[in-house]
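Read-outs throughout are calculated quantities, based only on the coordinates presented, and are distinct from any laboratory measurement. None of these values were measured; they are calculated from a predicted model. Cβ placement follows ideal geometry from the backbone for every residue including glycine, while neighbour counts extend to all protein chains displayed.
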């Protein structure tokens, strides 16, 4: 689904990933669930492109609902997968601490699990190889994505700023749709390693120049990073 010039979304408000289309090729942000491979192929066909036009995939963090088709893309098409060094092991093995789920509503939680099952989310395929990145890196990929460290949800959670698309991709640093309660609007994401650190990390995006903030779960936010950071804190 096209959101704006250069900017496309794959998936849905339940689980989303993103595509940056440029004359120099495509950069992907996150890989959703394994079944989103079909969503990716449809979006590529709509653009008259193929997986061979993808130059890199950048992960906001290493959780299983963000690495979906990443290993397939890497192993079958040679696309490098970038992840912060502090989340590299998580992306390769799925090893992560147990965190409290927090509030739940049965129907919303069931909806999330049902969607995950439909998209093969219960059978994650971890990465055999990753390229590690760090806070402040500007990647040599279409759109020149900038890595902004946002630890809290996980040690290696990052935001990815792509000025060309006027967009900041935040993964689970915040959410606009809580997958376990169904509540919409800017708020902290569930399954966060360190909630206090995640809130403090919102300062890292507040000063960025962008008109889109794109979470891994929930509707795109068509306003400034500063506004969404304040809304999360005040929510």
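Here are 170, 179, 148: which of them is buried (at least 24 other Cβ atoms within 10 Å of the Cβ) and either over 17 Å from the mean Cα position of the chain (by Cα) or outside any loop (DSSP other than H, G, I, E, B) (or both)?
Only one candidate passes the filter, namely 170.
Of these, 51, 4, which one is free of Cβ contacts under 8 Å to residues at least 40 places away in the same chain and surrounded by fewer than 24 Cβ atoms within 10 Å (Cβ to Cβ)?
Going through 51, 4 in turn, the sole match is 51.
Return yes when residue 110 is over 17 Å from the mean Cα position of the chain (by Cα), more than 27 Å from residue 134 (Cα to Cα) and crowded, with 17+ Cβ neighbours inside 10 Å and no when it is not.
Answer is no for this residue.
Quick one: which of 70, 16, 51 is in contact with a strand residue (DSSP E or B) (Cβ under 7 Å, 6 or more places away or on another chain) and more than 17 Å from residue 170 (Cα to Cα)?
Being in contact with a strand residue (DSSP E or B) (Cβ under 7 Å, 6 or more places away or on another chain) and more than 17 Å from residue 170 (Cα to Cα) holds for just one of 70, 16, 51, which is 70.
Those residues that are surrounded by fewer than 24 Cβ atoms within 10 Å (Cβ to Cβ) and out of contact with any helix residue (DSSP H, G or I) (no Cβ under 6 Å at 6 or more places or on another chain), I need them from region 189-199; list them, please.
190, 191, 193, 194, 195, 196, 197, 198, 199
Which ones in region 115-145 are part of a helix (DSSP H, G or I) and either in contact with a strand residue (DSSP E or B) (Cβ under 6 Å, 6 or more places away or on another chain) or in contact (Cβ under 8 Å) with a residue 12 or more places away in the chain (or both)?
Selection gives 115, 116, 118.
Consider residue 97 carefully, then state whether it is out of contact with any helix residue (DSSP H, G or I) (no Cβ under 8 Å at 6 or more places or on another chain), more than 28 Å from residue 222 (Cα to Cα) and in contact (Cβ under 8 Å) with a residue 40 or more places away in the chain.
Yes, satisfied.
I need the full set of residues from region 155-199 which are farther than 21 Å from residue 212 by Cα and without any contact (Cβ under 8 Å) to a residue 40 or more places away in the chain, in order please.
Answer for region 155-199, where residues must be farther than 21 Å from residue 212 by Cα and without any contact (Cβ under 8 Å) to a residue 40 or more places away in the chain: there is none.
Tell me which residues, restricted to region 39-58, are part of a loop (DSSP other than H, G, I, E, B) and within 15 Å of residue 70 (Cβ to Cβ).
None; the set is empty.
Can you tell me which residue within region 207-235, out of those that are touching a residue at least 24 places away in the same chain (Cβ under 8 Å), in a helix (DSSP H, G or I) and touching a helix residue (DSSP H, G or I) at 6+ places or on another chain (Cβ under 7 Å), is surrounded by the fewest Cβ atoms within 10 Å (Cβ to Cβ)?
233
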